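Some notes on the structure that comes next.
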Amino acid sequence: MCGRFTLNQSAAALGEFFHIQQIPDLAAQYNIAPTQRVATVLHNPESGKREFQQLRWGLIPSWAKDPSMGAKLINARAETVAEKPAFRSAFKHRRCLVLADGFYEWQRQNGKKQPFYFHLSDGQPFGFAGLWERWRTEDEEITSCTILTTAANELLQPIHDRMPVILAPQDYDLWLNPQIQTPEPLQQLLCPYPAQAMTAYPVSTWVNKPQHDSPECIVPLE
């Protein structure tokens, strides 16, 4: 699964990397947690271009009775996303990139949970494969998202059996293309990211608390 991640790149760097002209200044985030607002890229049907938006992490299906359901839907399994009622419409029509530059996973060691930080070896930002949804009532509207997960690669396997789907930059356009509505070309993108292009190391349990959001979260454990 993916329950915490980071994004501490500048707006200028993100705009250049994801080919977006307008990104507001963003505060560095070292411990992004569910229900928080996250940086995403969507396809704008009017301009035909990529668009930056901040969405609530935890997808709320349009038919949900209340928004609390979103806290349970922070991830969607790639293997079943096309069939699950909560995700199948969004998978077909409303795909997005969730922007990040690293993520955490925990390993049980001697009865405790040891956090590890994972990022790309070249330090570049990346886009998780995401889905988004709009939930409305007469008094409220929430646009939310979820992150897809797949089987762990060789780097993650000793820590956890799942990992978030990290898309390669050359696949962003295909993933965001609203004309693609059949699962076959999309499913081929939902595979483990190459382990040799990633780096991991243990970090302090400081990151275990979501309110701890500082550079200390990603400092390697000595």
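If you put +1 on each Lys and Arg Cβ and -1 on each Asp and Glu Cβ, how big is the dipole of the stretch 75-174 around its Cα centre, in Debye rounded to 20?
Roughly 340 debye for the stretch 75-174.
If you count the DSSP beta bridges with both ends in the chain, what percent of them are antiparallel, to the nearest 5?
90
So what's the convex hull volume per residue for the Cα atoms of the stretch 70-134, in Å³?
It comes to 129 Å³ per residue, whole-number rounded.
Size of the dipole of the stretch 1-152 about the Cα centre, Lys and Arg at +1 and Asp and Glu at -1 on the beta carbon, nothing else charged, in debye to 20?
Value, rounded to 20: 560 debye.
Kirkwood Rh, the stretch 1-80, all Cα pairs: how many Å?
About 14.3 Å, per the Kirkwood formula over Cα pairs.
Would you work out if the stretch 1-159 is rounded, prolate or oblate? Take a ≥ b ≥ c from the square roots of the eigenvalues of the alpha-carbon gyration tensor; rounded if a/c is under 1.5, else prolate when a/b is larger than b/c, oblate otherwise.
oblate
Please sort by residue number the chymotrypsin sites (Phe, Trp or Tyr not before Pro) in the stretch 45-121 whose DSSP state is loop and whose Cβ has at most 13 other Cβ atoms within 10 Å.
Sparse-neighbourhood loop chymotrypsin sites (Phe, Trp or Tyr not before Pro): Trp63.
Under a straight-distance cross-link criterion of Cα-Cα below 28 Å, which lysines are reachable from Lys49, leaving out those fewer than 8 residues away in the same chain?
Lys49 reaches Lys92.
In whole Å, what is the distance between the alpha-carbon centres of the stretch 13-28 and the stretch 104-172?
When both Cα centres are located, 20 Å separates them.
Is the stretch 77-222 best put as rounded, prolate or oblate by its Cα gyration tensor, with a ≥ b ≥ c the root eigenvalues, rounded for a/c under 1.5, and otherwise prolate when a/b is larger than b/c, oblate when not?
Prolate shape, in that a/c is at least 1.5 and a/b is the bigger ratio.
Among all the lysines, which ones have a C-alpha under 17 Å from Lys209's C-alpha, if same-chain residues fewer than 8 places away are not counted?
The reachable lysines, counting only those whose Cα sits under 17 Å from Lys209, are Lys112, Lys113.
Among Glu222, Glu140, Glu79, which comes first, second and so on when ranked by fewest other beta-carbon atoms within 10 Å?
Working: Glu222 5, Glu140 9, Glu79 13.
The order, fewest Cβ neighbours first, is Glu222, Glu140, Glu79.
Would you mind calculating the relative contact order of the stretch 117-222 from Cα pairs under 8 angstrom and at least 6 residues apart, reporting the percent as a whole number?
29
Return Thr80, Thr149 ranked ascending by Cβ neighbour count within 10 Å, so the fewest neighbours appear first.
Thr80, Thr149
Each value in this text was obtained by applying a stated rule to the coordinates, not by laboratory testing. No experiment lies behind these values; they were computed from the predicted model shown. No Cβ is skipped: glycine too gets one built from the backbone with ideal geometry, and neighbour counts run over all protein chains shown.
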